Amino acid sequence: MDLTPAELTVLGLIIERPQHGYDLERVIEQRGIRQWTDIGFSSIYYLLGKLEKRGLLHAPEGSAGGKSRRVLHATSEGRDVAARVALALVADPRPVPNPLLVGIANLPLFSEQDYAQALRARLAAIETRITGVRAAAEAQATLPPAAREVFSYSLSLMEAERQWLASRVQVPDDEQD
């Protein structure tokens, strides 16, 4: 049984701590999870329903409130599937489609000046994202080990991209501060 990245992320958060959809949304927002996976606010309950239908989640009898406030728990099968899929994702260095590479592959379509301007804009955006991710990580009083690793890896990738961009961005002397 395979899981999409969004399904695995939601299932993993439920394994971490049984919760309902509203709590999931709060954790997803606090940890900046939307920076690295496609989980829209409106898709949380859809994903929970799919995982429950597949027998990977369940709501114990007497769970509080209506459907939206049911506290969901992972089943033993859910834990097993999540562990298997997550380990495979960690171990297997699959290529990840990157729109930047598509843009770079089309360099002949634009001028060097336009390319340099685009690189500078991307560098500024990466700087902003690094600041945001650092702030999000520091705002968490305590983070589970998995969340610490996600923040660490994300920051490492962004810092590597920042270094690459900085090595390519050439600012004429008259534009330097």
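Each value in this text was obtained by applying a stated rule to the coordinates, not by laboratory testing. Computed from a predicted structure; not experimentally measured. Every residue, glycine as well, gets a Cβ built from its backbone with ideal geometry; the counts of neighbours run over all protein chains shown.
By its C-alpha gyration tensor, with a ≥ b ≥ c as the square roots of the eigenvalues, how is the range 9-100 shaped: rounded for a/c under 1.5, else prolate for a/b larger than b/c, else oblate? Here the range 9-100 falls in the oblate category.
Mind checking the dipole of the range 1-140: about its Cα centre, +1 per Lys or Arg Cβ, -1 per Asp or Glu Cβ, Debye to the nearest 20? Please report the intermediate quantities before stating the final value.
Working: 17 positive and 16 negative charges, 50 e Å.
Using only the charged Cβ atoms, the result is roughly 240 debye.
Rg over Rh for the chain works out to 1.08, using Cα positions for both radii and the Kirkwood form for Rh.
What angle, in degrees between 0 and 90 and rounded to the nearest 10, separates the Cα long axis of helix 112-139 from the longest principal axis of the Cα atoms of the chain? It is inclined by approximately 40 degrees.
Once the chain from residue 162 to residue 34 is taken as fully extended at 0.36 nm per residue, the excess over their C-alpha distance is 44.0 nm. Between 29, 161, 61, find the one with the highest GNM mean-square fluctuation for the chain; connect C-alpha pairs within less than 10 Å. In the Gaussian network model the winner is 61. Highest GNM mean-square fluctuation among 151, 41, 110, for the chain modelled with Cα contacts below 10 Å: 110.
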